[in-house]
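In what follows, a single structure is set out as structure tokens and then discussed.
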Amino acid sequence: MNLISKKDLLARTGISYGQLYRWKRQRLIPDEWFVKQSSYTGQETFFPREQVLSRIQSILELKDTHSMEELAKLFSPEISGGTMTAENALGAEEIDARLVRVLRDDYDKESYEFYEVVLLAVVTQAMKKAGIPPEKAAKLFMRGDTVMEEKKFSGMMCIVFVSGKKYRIAFAQGSVLFDESVEVIGKWPLDDMAGKIKIKYQDIWK
């Protein structure tokens, strides 16, 4: 797992020790992200780097427009109920409309559960970053949809990469190291993406 120390985290983000532990008490940062490890000074606290940096950035962006209670619910690993229709997905700015059309035409996808909407948003990010054609992105989504059986987001990363000249998708807790034959397109924390979609389209998930 790629970790960042508490000292480096505070220096990089500009937040205080008090803010960090207040957000922990308010359930904005999960307890399990506070990892105690031995060091030459005794014990030191570390965090999963990608997840905690992304989470703190999201908190800083949203804390002036949402209460702490709203943010706690937003970042909760619980899956929201409800579904988003393909028609609504076509109008969502986080989702590439071409991807939705291919999924509707080729795979008969007329609606999406909450976790699938999150996955659509992540695959859209990969499309933008690597220029993945909609048809290949649709196959990537379907493969990811198949393996996301537990549908739990807390601490989970979605990784899109190229191996054997094919686009592939994986999910992992913490960082994953690949050999040099693998081209990593991007890594996205699912819980942060889920939180943003929860609050933006909250009427759908009630």
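The table below lists the values:
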{"read-out": "So residue 92, is it free of Cβ contacts under 8 Å to residues at least 40 places away in the same chain, open to solvent by less than 10 Å² (accessible area, probe 1.4 Å) and out of contact with any Ser or Thr (no Cβ under 6 Å at 6 or more places or on another chain)", "value": "no"}
{"read-out": "Residue match in segment 61-71 (condition: open to solvent by 60 Å² or more (accessible area, probe 1.4 Å) and in contact with a helix residue (DSSP H, G or I) (Cβ under 8 Å, 6 or more places away or on another chain))", "value": "yes"}
{"read-out": "Residues (open to solvent by 40 Å² or more (accessible area, probe 1.4 Å), at negative phi and not acidic (Asp, Glu)) located in segment 10-34", "value": "11, 12, 16, 17, 19, 21, 22, 24, 25, 26"}
{"read-out": "Odd one out for residue 69 among (1) closer than 15 Å to residue 200 by Cα; (2) without any contact (Cβ under 8 Å) to a residue 60 or more places away in the chain", "value": "(1)"}
{"read-out": "Criterion: within 21 Å of residue 199 (Cβ to Cβ) and at pLDDT 90 or above - qualifying residue of 68, 84", "value": "84"}
{"read-out": "Condition broken by residue 85, with the remaining ones in (1) touching a residue at least 40 places away in the same chain (Cβ under 8 Å); (2) out of contact with any helix residue (DSSP H, G or I) (no Cβ under 8 Å at 6 or more places or on another chain) satisfied", "value": "(1)"}
{"read-out": "Count - residues of segment 31-46 that are in contact with a Pro (Cβ under 8 Å, 6 or more places away or on another chain) and in contact (Cβ under 8 Å) with a residue 40 or more places away in the chain", "value": "1"}
{"read-out": "Filter result for residue 84 (within 30 Å of residue 109 (Cβ to Cβ) and among the aliphatic types (A, V, I, L, M))", "value": "yes"}
{"read-out": "Residue 49 vs. criteria without any contact (Cβ under 8 Å) to a residue 40 or more places away in the chain and not small (Gly, Ala, Ser)", "value": "no"}
{"read-out": "Residue that is farthest from residue 73 (Cα to Cα), among those in segment 35-48 that are among the hydroxyl-bearing types (Ser, Thr, Tyr) and open to solvent by less than 40 Å² (accessible area, probe 1.4 Å)", "value": "39"}
{"read-out": "Listing of strands (runs of 3 or more DSSP E) fully contained in segment 97-206 that carry 2 or more residues being open to solvent by less than 20 Å² (accessible area, probe 1.4 Å)", "value": "156-163, 183-189"}
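The values are calculated or read from the model by the stated rules, or taken from the named source; none is laboratory data. Please read these numbers as outputs of a predicted model, since none were measured by experiment. Because the Cβ atoms are built from the backbone with ideal geometry, glycine has one as well, and the counts that use them run over all protein chains shown. Remember, those area values only see protein heavy atoms, side chains included, never the ligands or the DNA or RNA. Shrake-Rupley method; radii C 1.70, N 1.55, O 1.52, S 1.80 Å.
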